[in-house]
Amino acid sequence: MTTTSPFSGKNILLGVTGSIACYKAADLASKLTQAGVKVQTILTPSAEKFISPLTFQSVTGQRAFVDKDLWGNEGHIQHIGLGLGADLLLIAPCSANTIAKIAHGIADTLLTLTALAARCPIMIAPAMDGGMFSNPATQENLDILRKRGFIIMGPIEGRMASGMIGLGRMMEVTDLYNHIRLALSQNGPLSNRHFIITAGGTQEPLDPVRVLSNRSSGKQGYALAQAALDQGARVTLISAPANLPIPAGAVIFNVNTAKEMLQAVLSAIPGSDALIMAAAVADFQPIRSARQKIKKDQGLPEIKFEYTPDILEKVADFKAKTGFPRVVVGFAAESQDLVKNAQQKMINKHLDIIVANDITSPLSGFTADTNQVTIIESTGVLEELPLLSKYEVAQTIIEKIKQRLSQ
Ligand SMILES: Cc1cc2nc3c(=O)[nH]c(=O)nc-3n(C[C@H](O)[C@H](O)[C@H](O)COP(=O)(O)O)c2cc1C
């Protein structure tokens with residue numbers, strides 16, 4: 001692997017306040033620790049009534065601080081040191097009370113004191129009853145924090161501890177984890193770079209019910225989007241139907257057909273740094289899509305096809321005129337003569353890099369979580385990668401684009 005994940009080696013200070021959602025914070029702390037983050041926890045006195053510091057110490061292997069430590073005998077100023085050493089102060093769950101205190105500079109617990117002293121970004125995940133959340137006091141306090149640059153995540157709508165349904169539930173741990181990943185990636189080596197990535201298999205309608213599509217899952221494209229985001233890039237993800245979670249931070253454009261994908265790509269590429277065409281775009285489309293469902297009892301349909309627009313050809317025209325996207329990467333899914341066919345495609349489509357994958361291998365290609373590719377560059381450099389996860393393949397491709405952009 002060429003680069004590390006945005007989590008590895010990072011320090012997160014996890015603030016936990018007096019909410020029933022405290023138990024979820026332990027799960028989050030565990031996931032972050034497993035991802036390579038050093039997680040130190042600060043519990044408010046109310047949080048200690050819900051969960052023990054020992055829980056956090058056990059899952060993180062790090063100290064969990066409580067208010068007693070503020071007045072302890074360790075001979076140094078705890079709150080200042082904690083606040084200065086962190087990459088992120090995350091308060092999850094964050095009570096209405098702690099939101100109010102931080103908004104007004106009140107510093108009467110180790111956590112609120114640390115928040116006042118911290119110089120790192122602060123992320124807050126409010127969790128409370130719906131009435132407490134919608135109360136103008138809480139809303140105005142959150143506005144104050146937003147204006148000061150705090151990252152506010154959630155809350156979400158759902159069932160709360162009271163049994164009522166409303167807006168106030170803490171954002172799900174997986175979503176918080178993904179947003180933390182995004183926050184830690186800011187100012188990465190690709191910040192200020194704009195990557196456009198296409199993913200999934202296009203669908204060409206035969207009638208209102210049926211489509212002509214392909215086996216692409218979108219996994220490689222989504223992994224590319226994640227890998228670019230992990231290095232701080234701005235990512236536009238143009239996705240044909242794919243049943244995958246959208247990477248946090250990606251701007252998503254959902255399309256169905258090759259024509260729609262072309263339009264989305266052409267409107268995204270002006271000024272862009274890289275276009276990675278990982279989507280499997282249909283080569284043919286029915287000349288006409290039937291307005292009504294084609295009936296079985298009307299006999300076998302005769303469907304005439306025409307070529308879909310060639311997206312890479314149009315991109316090459318645009319690049320020849322404007323210089324954008326600076327780097328264009330194509331994919332070649334081949335079942336024979338992998339390198340030869342891919343090299344030819346790279347030349348025909350004026351690509352800077354082509355990623356060739358052998359779709360005959362069950363561990364590689366469409367639906368698999370792994371991929372085995374050969375990366376060929378227009379400079380003549382050819383690298384055959386071993387079987388890797390699609391994320392690792394993505395990291396390697398992003399690395400090569402990064403090198404091209406720095407030249
Ligand atoms: C069972 C129980 C559940 C509570 N859940 C929440 C909650 O989800 N969100 C919230 O803002 N306050 C909640 N509270 C109230 C806070 O714990 C209380 O306002 C406390 O002063 C918060 O202190 P802290 O912000 O220093 O942690 C709850 C209280 C109790 C007794």
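The values are calculated or read from the model by the stated rules, or taken from the named source; none is laboratory data. From a predicted model like this one, the values you see are computed outputs, not experimental measurements. For neighbour counting, all protein chains shown are included, and Cβ atoms are generated from backbone atoms with ideal geometry for every residue, glycine included. Heavy atoms of the whole protein, side chains included, go into the accessibility calculation; ligands, DNA and RNA do not. Shrake-Rupley method; radii C 1.70, N 1.55, O 1.52, S 1.80 Å.
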I'd like to know if region 150-164 contains one or more residues that are closer than 18 Å to residue 123 by Cβ, open to solvent by 50 Å² or more (accessible area, probe 1.4 Å) and of a type in the set (Gly, Ala, Ser). no
Within the bounds of region 165-173, is there any residue that is over 16 Å from residue 24 (Cα atoms), of a type outside the set (S, T, N, Q) and either at pLDDT 95 or above or open to solvent by 20 Å² or more (accessible area, probe 1.4 Å) (or both)? yes
Going by what's in this entry, would residue 180 be described as of a type in the set (Val, Ile, Thr), under 24 Å from residue 251 (Cα atoms) and in the same structural domain as residue 71 (by TED's automatic domain parsing)? yes
Condition first: modelled with pLDDT of 95 or more and of a type in the set (A, V, I, L, M). Can you find one or more residues in region 359-375 that meet it? yes
Residues of region 337-382 satisfying the condition of being open to solvent by less than 70 Å² (accessible area, probe 1.4 Å) and among the charged types (D, E, K, R): 345, 349, 352, 358, 377
The residue from 264, 320, 282, 258 that alone is touching a Pro at 6+ places or on another chain (Cβ under 9 Å), farther than 19 Å from residue 398 by Cβ and among the hydrophobic types (A, V, I, L, M, F, W, C) is 258
Search region 104-135 for residues being assigned to a helix (DSSP H, G or I) and under 27 Å from residue 165 (Cα atoms), and hand back the single one that is farthest from the ligand (Cβ to nearest atom). 134
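Sort through 25, 29, 35 and tell me the only one that's small (Gly, Ala, Ser), in contact with a helix residue (DSSP H, G or I) (Cβ under 9 Å, 6 or more places away or on another chain) and within 16 Å of the ligand (Cβ to nearest atom).
25
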Please go through region 361-377 and give me each residue that is in a strand (DSSP E or B) and of a type in the set (Val, Ile, Thr), ordered by number. 370, 373, 374, 375, 376
Could you please let me know if residue 41 is within 16 Å of the ligand (Cβ to nearest atom), modelled with pLDDT of 95 or more and either part of a helix (DSSP H, G or I) or within 21 Å of residue 96 (Cα to Cα) (or both)? yes
Residues (at pLDDT 95 or above, within 15 Å of the ligand (Cβ to nearest atom) and open to solvent by 70 Å² or more (accessible area, probe 1.4 Å)) located in region 44-75: 48, 49, 50
